[in-house]
Amino acid sequence: MKPETSTHNPLVRLLAVNLAGGIVAAMVAVAGLIALDSFGLRRLMLVDRHPVVVGALLLFAFVVTLGSLAMGSAIMMLSRPGDDSSA
């Protein structure tokens, strides 16, 4: 009997797909904030000595937030076997 790999586990696959969606959403959000210069964010980043570090930290914070949001909402949308209630 072959051991089950993580790509065949439906829960791990569900979480990975939703994490990828959260990462894409974070990248779009950060790119939008920088492109639109919201609240002078782009100017603040560019006057810093290390703007790449600032951008990476901002992106990391958004990835953690939106990735967790996407994965958590996917888990909460799961239904139990035999659960016919549609609330």
Checklist entry - Quick one: how many residues across region 18-47 are surrounded by 12 or more Cβ atoms within 10 Å (Cβ to Cβ) and of a type outside the set (A, V, I, L, M)? => result 5
Item to check | region 1-39: number of residues that are outside any loop (DSSP other than H, G, I, E, B), at pLDDT below 95 and more than 29 Å from ALA74 (Cα to Cα) | outcome: 2
Checklist entry - Restricting attention to region 37-56, which residues are farther than 23 Å from GLY67 by Cα and not basic (Lys, Arg)? => result ASP37, PHE39, GLY40, LEU44, MET45, LEU46, VAL47, ASP48, HIS50, PRO51
Checklist entry - If we scan region 64-81, do we find a residue that is at pLDDT 95 or above and assigned to a loop (DSSP other than H, G, I, E, B)? => result no
Checklist entry - Before we move on, is LEU59 at pLDDT below 95, in contact with a helix residue (DSSP H, G or I) (Cβ under 8 Å, 6 or more places away or on another chain) and more than 22 Å from PRO10 (Cα to Cα)? => result no
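The values are calculated or read from the model by the stated rules, or taken from the named source; none is laboratory data. Not measured: the values here are computed from a predicted model. Note that each Cβ is placed from the backbone with ideal geometry, even for glycine, and that neighbours are counted across all protein chains shown.
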